[in-house]
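**Q** The structure that follows is given in the form of structure tokens.
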Amino acid sequence: MITNPLSNKLIKQYVSPIYFQVYQPLANRYKYHKRSSHLPHYKFENKKDIIIITLDCLRLDHTTAGGHKNNTTNDIEDSTDDFFESVSGSSWTYSSVPSILSGKYPHNHGACYESEFRNQDMTNPPTKVRDDTELLPDMLVNAGYSTGFFSAIATAELPIQGRFRKSVISHDSDAQDVLNEAKQWWNQQNSPRL
């Protein structure tokens with residue numbers, strides 16, 4: 001199959017912004033409101049803000065805290081007291097994010113390919129997180145938390161769409177732009193935040 005580079009450029013220029021700036025936020029809001037009305041209520045004492053920062057494809061041994069000879073991640077390490085080693089629940093973002101938020105492996109939460117081999121095309125799409133799988137934002141939303149998810153990677157949000165009150169995918173943006181958008185949302189919230 002021969003593709004026209006001009007048509008790919010036009011799709012990226014016109015279709016991608018419509019999807020990520022219009023459709024994705026509306027779809028997330030609809031799914032969130034539909035789902036959140038049926039969630040159980042949890043009570044937490046001494047509610048504290050929660051921030052989870054994940055870096056796609058970052059190895060611990062390439063960080064300053066992990067022993068790298070260069071100062072590679074000082075900005076991250078200077079901003080937290082809790083920097084610890086972790087192990088990914090999966091080898092790819094699509095399944096890893098739900099594992100972080102559920103504490104379950106992909107075969108337990110459902111965000112994975114059902115066939116033996118990953119054939120990454122639209123004839124064999126991966127499944128999303130099962131409705132009966134509770135994620136951290138599900139538990140916190142009815143306890144009074146504002147929940148937000150910010151990423152430049154669409155595959156991080158796709159399996160958990162509708163699980164956060166605010167979900168922003170800044171496709172192909174650099175990390176500083178994503179962080180700025182997250183900070184702006186964070187500073188506008190009055191309740192405890194995730």
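The values are calculated or read from the model by the stated rules, or taken from the named source; none is laboratory data. Remember, it's a predicted structure, so these values are computed and weren't measured experimentally. No Cβ is skipped: glycine too gets one built from the backbone with ideal geometry, and neighbour counts run over all protein chains shown. The protein model used for the area step is the full one, side chains on, heavy atoms only, and it has no ligands, DNA or RNA in it. Shrake-Rupley method; radii C 1.70, N 1.55, O 1.52, S 1.80 Å.
**Q** Taking the Cβ-Cβ separation of Tyr30 and Cys57 as r and a Förster radius of 35 Å, what is the calculated FRET efficiency to the nearest 0.05?
**A** Working: r = 31 Å, r/R0 = 0.90.
Rounded to the nearest 0.05, the efficiency is 0.65.
**Q** Could you report the range 23-67's accessible area per residue, 1.4 Å probe, as an integer in Å²?
**A** For the range 23-67, the per-residue accessible area is 82 Å².
**Q** On a 22 Å Cα-Cα criterion, which of the cross-link pairs Lys104/Lys183; Lys104/Lys128; Lys128/Lys166; Lys43/Lys183 come out too long?
**A** Correct reply: Lys104/Lys183; Lys43/Lys183.
**Q** Which length gain, in nm to one decimal place, applies between Ala65 and Asp172 when the Cα-Cα distance is subtracted from 0.36 nm times their residue separation?
**A** Between Ala65 and Asp172, full extension yields an extra 35.8 nm.
**Q** Would you please put 30-42, 133-145, 160-172 in order of how densely packed they are, using the mean number of other Cβ atoms within 10 angstrom per residue and starting with the highest?
**A** For the peptides 30-42, 133-145, 160-172, the packing ranking is 160-172, 133-145, 30-42.
**Q** Let me ask you something else. If packing is taken as the average number of other Cβ atoms within 10 Å across a peptide's residues, how do 103-110, 55-62 rank, most packed first?
**A** My ranking of the peptides, most packed first, is 103-110, 55-62.
**Q** With a 1.4 Å probe and all protein chains left in place, how much of the accessible area of the range 127-186 comes from carbon and sulfur atoms, in whole percent?
**A** On the way: 1310 of 2540 Å².
Within the range 127-186, the accessible surface is 52 percent carbon and sulfur.
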